[in-house]
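These notes are about the structure you will find just below.
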Amino acid sequence: MMKNSVAMLAVCMLAQSHLAIAAGAPAPQEINIVLLGTKGGPSLLNTARLPQATALTIGDKIWLIDAGYGASLQLVKNGIPLRNINTILLTHLHSDHILDYPSLLMNAWASGLKDHTIQVYGPPGTQAMTKASWKVFDRDITLRMEEEGKPDPRNLVKATDIGQGVIYKDELVTISALKVPHSPFPDGEAFAYRFDTQGKRIVFSGDTSWFPPLATFAQGADILVHEAVHVPSVAKLANSIGNGKTLAEAIASHHTTIEDVGKIAREAHVKKLVLSHLVPATVADDVWQQEAMKNYPGPVIVGHDNMTLNVP
């Protein structure tokens, strides 16, 4: 009798799931984070790490968070077609986060973008930067439209200057933006982003100094991708670039120390901390982990270029 009851219950549950799918309930989509560039700062002293860019994929939807130098190549290397990008989110307009943005738009168009519009969200100045990007390639665009019959790429990209709050919402995902302090940018010109999707929460800090409200914003996140600076190593980096003391002080004050990143992760009760935008990029993985774990008891992953993280 018990076996019959269990079997009947299983049949009923299966039938309900089929009815839900038939009624239009969205099937769960696989979520992956692809770290494309994990170093902080615009200098290219070696190619072990490239500047900031991260892809978030949910099923066949592609969101790109920042577009530092090399983003186009890294996307292709990871099997993500440029023409399939749905949305680009810019955290702020420092060059190590946007240097590949103009070429990314052109590369997407050259690779076959034609059937959908790439939505771009970023701080004030994003729209103006996008218009300026098209002007750089104006001659090339005109010739290719005339000779190759390509659509006008300027009609395939829509840029929006955002403020704090929910910036996008559909049946799959809600994306929210939080203003974060990243001197010397004025208030409202640097953002963290939060993705709430299918019962999961993924947060990207962007560039920020120590900012306790970020812990509230990231509360309960399955993954927090946070920038980090290792202060003892910054002076050596600054001296190798030039303008040592001034540069070192600026770097340390405009970013979050690795110890404080651990505090944010702990206070936010995140399930996993992922470190990216590493300054300096040459610090050993175990050093980053040990410093973060002084304040955060959970798992710490030191990001590397071309690393893919599944969000189960």
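The values are calculated or read from the model by the stated rules, or taken from the named source; none is laboratory data. Owing to the predicted nature of the structure, the values given are computational and were not obtained by experimental measurement. Because the Cβ atoms are built from the backbone with ideal geometry, glycine has one as well, and the counts that use them run over all protein chains shown.
Results for (1) surrounded by fewer than 16 Cβ atoms within 10 Å (Cβ to Cβ); (2) out of contact with any strand residue (DSSP E or B) (no Cβ under 7 Å at 6 or more places or on another chain); (3) among the aliphatic types (A, V, I, L, M), shown as yes or no for each residue.
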{"site": "HIS255", "(1), (2), (3)": "no, no, no"}
{"site": "LEU273", "(1), (2), (3)": "no, no, yes"}
{"site": "PRO280", "(1), (2), (3)": "no, yes, no"}
{"site": "ASP286", "(1), (2), (3)": "yes, yes, no"}
{"site": "GLU291", "(1), (2), (3)": "no, yes, no"}
{"site": "ASN295", "(1), (2), (3)": "no, yes, no"}
{"site": "ASN310", "(1), (2), (3)": "yes, no, no"}
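For segment 104-128, filtered to residues that are in a strand (DSSP E or B) and among the aliphatic types (A, V, I, L, M), the residue that is farthest from ILE62 (Cα to Cα) is VAL120. Candidates are the residues of segment 115-149 that are charged (D, E, K, R) and within 26 Å of the chain's Cα centre (by Cα); the one that is farthest from ASN84 (Cα to Cα) is LYS131.
For SER233, state whether it is farther than 30 Å from TRP134 by Cα, free of Cβ contacts under 8 Å to residues at least 60 places away in the same chain and among the polar types (S, T, N, Q). Yes, satisfied. Among the residues of segment 258-271, is there at least one that is at pLDDT below 95 and surrounded by fewer than 21 Cβ atoms within 10 Å (Cβ to Cβ)? No, every residue in segment 258-271 fails to be at pLDDT below 95 and surrounded by fewer than 21 Cβ atoms within 10 Å (Cβ to Cβ).
Here ASP305 passes the criteria (1) in a strand (DSSP E or B); (2) crowded, with 18+ Cβ neighbours inside 10 Å except the one numbered (1). I'd like to verify a number: residues in segment 282-300 that are part of a loop (DSSP other than H, G, I, E, B) and out of contact with any Gly (no Cβ under 7 Å at 6 or more places or on another chain), how many? Residues flagged as part of a loop (DSSP other than H, G, I, E, B) and out of contact with any Gly (no Cβ under 7 Å at 6 or more places or on another chain) within segment 282-300 amount to 6. Kindly check whether there is at least one residue in segment 101-115 that is in contact (Cβ under 8 Å) with a residue 60 or more places away in the chain, surrounded by 23 or more Cβ atoms within 10 Å (Cβ to Cβ) and either closer than 19 Å to GLY206 by Cα or among the hydroxyl-bearing types (Ser, Thr, Tyr) (or both). Scanning segment 101-115, I find no residue that is in contact (Cβ under 8 Å) with a residue 60 or more places away in the chain, surrounded by 23 or more Cβ atoms within 10 Å (Cβ to Cβ) and either closer than 19 Å to GLY206 by Cα or among the hydroxyl-bearing types (Ser, Thr, Tyr) (or both), so the answer is no. Would segment 251-271 turn up any residue that is over 29 Å from GLY165 (Cα atoms) and in contact with a His (Cβ under 9 Å, 6 or more places away or on another chain)? No, segment 251-271 contains no residue that is over 29 Å from GLY165 (Cα atoms) and in contact with a His (Cβ under 9 Å, 6 or more places away or on another chain). LEU36 passes every criterion in (1) surrounded by 23 or more Cβ atoms within 10 Å (Cβ to Cβ); (2) among the hydrophobic types (A, V, I, L, M, F, W, C); (3) more than 17 Å from LEU309 (Cβ to Cβ) apart from (3).
Going by what's in this entry, would ASP96 be described as under 22 Å from ILE58 (Cα atoms), out of contact with any helix residue (DSSP H, G or I) (no Cβ under 8 Å at 6 or more places or on another chain) and of a type in the set (Asp, Glu)? Give the derivation first.
Details: under 22 Å from ILE58 (Cα atoms): no; out of contact with any helix residue (DSSP H, G or I) (no Cβ under 8 Å at 6 or more places or on another chain): yes; of a type in the set (Asp, Glu): yes.
Judged against the criteria, ASP96 is not a match.
Total residues in segment 204-234 satisfying the condition of being at pLDDT 95 or above, assigned to a loop (DSSP other than H, G, I, E, B) and aromatic (Phe, Trp, Tyr): the figure is 1.
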